[in-house]
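A quick write-up on the structure given underneath.
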Ligand SMILES: [Cu+2]
Ligand SMILES: [Cu+2]
């Protein structure tokens with residue numbers, strides 16, 4: 001029961017399950033048993049560790065382990081997941097990589113709400129605006145499987161927020177969490193309050209995190225790696241009728257003085273606000289279990305170099321985005337053997353980023369550029385998924401998505417800038433994006449399941465790929481210029497998944513191939529000259545003929561009689577570009593192994609992580625080889641109740657041997673943190 | 001700027017259309033050159049000099065309006081010779097008559113490249129010939145803050161011929177693609193300053209505070225009467241240099257630049 005029908009999970013959390021008519025409920029449960037999962041979501045990581053309802057489920061999965069032991073911050077949590085890696089530019093706001101592909105290619109959303117970071121240098125991936133304490137689950141999908149998420153070619157990340165809980169037995173609940181990390185002398189505090197009364201339930205939470213510069217494995221202080229942030233949430237659920245819910249979420253995130261040691265600039269502030277309003281009811285006409293959602297969010301981001309010692313030229317680089325949208329989703333048909341689900345969605349977004357440069361010679365004038373020239377985008381999509389159980393051994397699921405997008409710029413200044421390249425941004429670019437998939441699921445025995453997946457999907461270029469103007473990339477030391485006339489990128493996705501599961505042993509594996517066409521990549525333009533001081537040259541985004549990725553993940557869990565278990569996971573990606581050269585920033589083979597030993601209600605977990613060399617480097621991207629490393633960690637966990645208060649203590653040492661290492665895809669030459677002692681205390685009432 | 005010019009052209013055109021009834025020709029430049037620089041009454045003529053802006057070193061577009069005592073426009077052939085009197089010697093400067101030397105409705109348009117400012121060194125005047133009369137019109141030429149005229153003497157040629165390069169466009173530079181127009185003259189003698197029509201020009205815009213240029217520029221090529229047209233691109237606002245390398249039959253004559261701020 002690792003992956004649960006999202007909607008039902010939601011209903012569980014709302015606590016309205018008993019309110020459904022009995023036969024509906026039975027139909028639902030039998031449906032769930034037959035389906036087992038939403039096939040397009042590879043991992044749904046449940047995070048309700050201090051969930052206050054009684055509906056707590058033990059699922060004993062691999063992801064379940066990580067949420068308990070590695071859930072101190074979102075970077076750490078995501079980094080552990082099979083197929084996921086976190087690309088770092090500092091000690092804050094890692095950018096998730098899905099099978100080696102970065103956020104340009106996948107769809108990010110928060111409860112289905114699309115959102116776009118406001119930094120041209122990707123200092124603020126959307127994940128950075130979410131704190132684990134506020135997460136119910138994370139949906140991770142790969143490739144072109146998940147047509148419901150939106151049009152991407154490398155999958156999707158969706159963060160599901162924790163919701164206020166109706167609980168008549170405990171109308172008031174609260175939890176608090178304190179974390180200390182020695183390597184950065186960082187303290188995180190959070191509190192969380194849930195109140196439910198009759199028809200109304202609400203949840204408030206606040207998080208504060210502050211860290212100093214951390215020490216790397218050589219004992220050197222990594223300057224400009226400090227950060228501080230506040231995150232606050234208010235969620236409200238109103239029971240309009242017995243079976244109808246109105247739900248409102250507000251998330252505010254406020255980061256300040258965030259250092260990015262790998263980049264030439266830091267962040268003075270990064271502020272995001274999100275508003276979501278949804279309505280859930282059992283049926284509208286033919287639509288079963290519909291959810292209607294409206295949302296709006298905005299991000300303000302200001303880069304800053306005033307704290308740096310040696311700044312060649314001082315610059316101001318503010319950026320902002322705002323996005324509004326909505327969707328309607330539900331089931332058109334849902335029986336015991338088949339289901340037809342759909343989603344209609346729309347969003348529009350605006351992005352502007354500018355750059356003012358202050359010359360050292362005061363005789364010279366200030367310089368100004370629009371790096372995102374008031375980019376406007378709209379997208380409307382229709383997704384359909386049909387699942388059919390053929391017999392006891394076979395089922396298939398198939399789906400499609402059609403999306404129509406419009407992109408243009410609304411700045412006259414931006415239009416003038418583009419005239420340099422004899423391009424226009426004001427004329428509207430329209431694209432029809434298509435996505436299709438079909439999965440065959442074979443279950444010859446209860447312990448074995450095999451899935452064959454075939455999928456095709458497209459995406460439009462990102463804002464930077466289409467309209468970015470001289471965006472400096474520190475990783476390859478080039479300025480990047482967008483091309484408004486880029487075509488869509490296509491991915492043919494093939495995958496085979498197998499899972500063997502007995503009461504003791506679970507082994508799951510996924511093998512995939514991505515066959516990209518018109519893969520969007522920055523291509524060096526020898527005739528153009530870099531704008532940024534010290535940069536080597538200019539790259540322009542182009543549709544390259546092809547790119548190929550293949551690889552896979554294997555994970556397994558072996559349970560001993562004593563309640564202890566072993567976990568193993570392995571991930572690997574191989575990527576090559578249109579000239580059969582290695583693709584940049586591809587992670588090498590990585591293996592994680594851990595043993596979770598239960599002693600007297602406490603858990604002791606030694607961990608080993610091994611990462612291979614990465615010798616397949618992209619010369620076009622100025623990449624260097626990265627060395628193999630071994631990491632050793634030790635964690636302890638203890639939970640106990642006193643009266644009605646629940647305590648949980650996590651502690652341990654990460655990178656015990658103080659290894660100096662970096663991940664191949666990390667920016668700059670910055671090493672990751674050295675030995676870290678940490679402790680986390682959670683209290684829940 | 002473009003739209004302004006279009007507007008003027010349109011205005012001019014509409015005036016031509018509407019003025020057909022009156023059998024008049026209105027010179028459009030008169031509309032542009034609306035600032036009166038100087039006016040005199042001499043030898044029964046009422047002469048006023050109009051320009052877009054106060055006269056300065058470099059390229060100046062001007063119009064002379066000549067009327068008789070009865071306020072009727074004069075017609076016939078006219079001539080203008082700019083003259084600098086430096087007490088020990090006198091010299092002229094480049095002048096061109098884009099619409100010919102005929103006085104039309106009392107107006108004659110001309111462009112002059114003043115090669116130095118008025119001041120202690122000497123004083124400028126325009127020697128105006130209309131019919132049998134010659135009138136000297138004293139004028140003031142200022143040194144602008146940002147020079148739009150440069151000169152060079154080439155050592156690879158005769159080490160003596162002095163070229164004068166004027167930047168006409170962009171008048172109001174903007175980010176993006178701009179029309180570039182330069183006019184080039186040389187000093188043949190004190191009184192002869194002909195247009196130079198056989199040069200090749202290599203254009204390199206440069207941002208000195210960041211050490212970068214811009215892509216996709218089009219080198220100015222000769223169009224007419226020493227005027228060369230091309231395209232210059234600016235990727236951002238700020239202080240730019242427009243560098244021009246002059247070549248004559250593969251021989252590099254030298255390089256000069258204009259600094260502009262916007
Ligand atoms: Cu930034
Ligand atoms: Cu510049």
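Derivation of every value follows stated rules applied to the coordinates shown; laboratory data play no part. Note that this is a predicted model, so its numbers are computed, not measured. Heads up, the Cβs are rebuilt from the backbone with ideal geometry, glycines too, and the neighbour counts pull from every protein chain shown.
Here the contact order of the stretch B:195-260, divided by its residue count and restricted to Cα pairs under 8 Å and six or more residues apart, works out to 35 percent. Among beta bridges from DSSP that stay inside chain A, the antiparallel ones total about 95%. Using all pairs of distinct alpha-carbon atoms, the Kirkwood hydrodynamic radius of the stretch A:280-425 works out to 19.6 angstrom. Considering all C-alpha pairs of the stretch A:514-603, those separated by over 24 Å amount to 52%.
Determine the calculated [θ] at 222 nm for chain B from helices alone, applying -39500 (n - 2.57) to every DSSP H run no shorter than 4 residues and normalising by the residue count; nearest 500 deg cm²/dmol.
-2500 deg cm²/dmol
Taking every residue in B:175-186 and counting other chain Cβ atoms within 10 Å of its Cβ, the average works out to 3.
Would you order A:279, A:472 from fewest to most other beta-carbon atoms within 10 Å of each residue's own beta-carbon?
By the 10 Å Cβ count, ascending, the order reads A:279, A:472.
Structural descriptor for the stretch A:511-597: relative contact order 25 percent, calculated from alpha carbon pairs under 8 angstrom and at least 6 residues apart.
Tell me, how many Å apart are the Cα centres for the stretch A:144-223 and for the stretch B:97-152? Between the Cα centres of the stretch A:144-223 and the stretch B:97-152 lies a distance of 76 Å.
Measuring between their Cα centroids, the stretch A:522-551 and the stretch A:649-685 lie 34 Å from each other. For the residues of A:409-418, the average number of beta carbons from a partner chain within 10 Å of their own beta carbon is 3.
What is the diffusion coefficient of the stretch B:112-194 in µm²/s, taking the Kirkwood radius over Cα pairs and the Stokes-Einstein relation at 10 °C with a viscosity of 1.306 mPa s? This corresponds to a translational diffusion coefficient of 103 µm²/s. Look at where the Cα atoms of the stretch A:455-517 and of the stretch A:355-372 average out, and the two centres are 35 Å apart.
Once you divide the Cα radius of gyration of the stretch B:194-262 by 2.2 N^0.38 Å, the number left is 1.16. Among the residues of B:230-239, the average count of other protein chain beta-carbon atoms within 10 Å of the residue beta-carbon is 6. Among A:372, A:442, sorting on how many other beta-carbon atoms sit within 10 Å of each Cβ, with the fewest leading, yields A:442, A:372.
Looking at the square roots a ≥ b ≥ c of the eigenvalues of the Cα gyration tensor of the protein assembly as shown, which shape do they give, rounded for a/c under 1.5, prolate if a/b is larger than b/c, or oblate?
Taking the square roots of the gyration eigenvalues as a ≥ b ≥ c, the protein assembly as shown is prolate.
The overall shape of the stretch A:389-492, judged from the alpha-carbon gyration tensor, is prolate: a/c is not under 1.5, and a/b is greater than b/c. Here A:79, B:91 are placed in order of increasing Cβ neighbour count within 10 Å, fewest first, which gives B:91, A:79. When the square roots of the Cα gyration tensor eigenvalues are ordered a ≥ b ≥ c, the ratio a/c for the stretch A:635-685 is 1.5 or more and a/b exceeds b/c, which makes its shape prolate. The mean sequence separation of alpha-carbon pairs under 8 Å and at least six residues apart, normalised by the residue count of chain A, gives a relative contact order of 10 percent. Placing one equal scatterer on every Cα of the stretch A:254-360 and applying the Debye formula, the log10 ratio I(q)/I(0) at q = 0.11, 0.14 Å⁻¹ is -0.57, -0.70. At the listed q of 0.13 Å⁻¹, the Debye profile of chain B, built from one uniform point per Cα, gives log10 I(q)/I(0) equal to -0.93.
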